[in-house]
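To keep things clear, I will list the structure first and then write my remarks on it.
The values are calculated or read from the model by the stated rules, or taken from the named source; none is laboratory data. Note that the structure is a prediction, hence the values are computed from the model and not measured. Using ideal geometry, Cβ is built from the backbone for each residue, glycine included, and neighbour counts are taken over all protein chains shown. Side chains are part of the model used for accessible areas, which takes the heavy atoms of the whole protein and leaves out ligands, DNA and RNA. Shrake-Rupley method; radii C 1.70, N 1.55, O 1.52, S 1.80 Å.
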Amino acid sequence: MQNGWGVGMLIVLAAVGWLAPTFNYAAGERDGLPRIGPAPELSLTTQDGQRLSLKELRGKVVAVTFIYASCVDTCPLLTAKMAGLQAALGVDFGPKVFFLSITVDPERDTPAVLQRYAQSHGAKPAGWAFLTGTPAEIRQVARRYGIYYKKTPRGDVDHTFLTSLVDQSGTLRVQYLGVRFDPDELLRDLQALVQEGRP
């Protein structure tokens, strides 16, 4: 897609409930991350063919993104950005921070397809799951997270990009709109949430 949604479209999406609240902060202008509310629950199928639910990840900070494997422009940029964060998190990645990348093209993105996609981007399965499901399951999860998507006649999937951060207790804390966000800022937010959970 893809990142070409205009302001008018975003206003329409917000009006019909497709766009969840987003929060962005300049460095030094915040005192902790907001608490938006309980993160929408989900239970989908991983690239290994296993079911995984958000509640199984309680105790970890979770970053939720939406992609599809045959995307040739924006999705690979987002996935590469997340792969860089995977490396930057060091030993916290997996035990304390977990990534979920959910397809918006469930008809084509089988577990095997997502497995190849994950491997091609160097995703470490100990801390990163690529999720698919039935079209109905994906529609429900996407709507709950404020994601609008539509398949084009060419077979591409136009969709909004929201990266959602969920804390250890399952609370949605912040969402990044688009793919041009500063990865250093997202890294700081992930690390701040990890620190919140330390005894």
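So how many residues does the range 43-87 have that are part of a loop (DSSP other than H, G, I, E, B), buried (at least 17 other Cβ atoms within 10 Å of the Cβ) and among the small types (Gly, Ala, Ser)?
Within the range 43-87, residues that are part of a loop (DSSP other than H, G, I, E, B), buried (at least 17 other Cβ atoms within 10 Å of the Cβ) and among the small types (Gly, Ala, Ser) number 1.
If you go through the range 186-199, how many residues are surrounded by 15 or more Cβ atoms within 10 Å (Cβ to Cβ) and out of contact with any helix residue (DSSP H, G or I) (no Cβ under 9 Å at 6 or more places or on another chain)?
3
Residues in the range 142-161 that are in contact (Cβ under 8 Å) with a residue 40 or more places away in the chain and more than 16 Å from Gly37 (Cα to Cα): how many?
Of the residues in that region, 12 qualify.
Out of all the residues in the range 137-152, is one or more at pLDDT 95 or above and over 14 Å from the mean Cα position of the chain (by Cα)?
yes
Just give me the residues in the range 90-124 being in contact (Cβ under 8 Å) with a residue 40 or more places away in the chain, open to solvent by 10 Å² or more (accessible area, probe 1.4 Å) and not small (Gly, Ala, Ser), in sequence order.
Asp92, Lys96, Phe98, Arg108, Pro111, Val113, Gln115, Arg116, Tyr117, His121
The rows are residues; the columns are (1) more than 24 Å from Gly155 (Cβ to Cβ); (2) among the hydrophobic types (A, V, I, L, M, F, W, C).
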{"residue": "Leu33", "(1), (2)": "yes, yes"}
{"residue": "Arg51", "(1), (2)": "yes, no"}
{"residue": "Lys60", "(1), (2)": "yes, no"}
{"residue": "Gly84", "(1), (2)": "yes, no"}
{"residue": "Pro106", "(1), (2)": "no, no"}
{"residue": "Gln119", "(1), (2)": "no, no"}
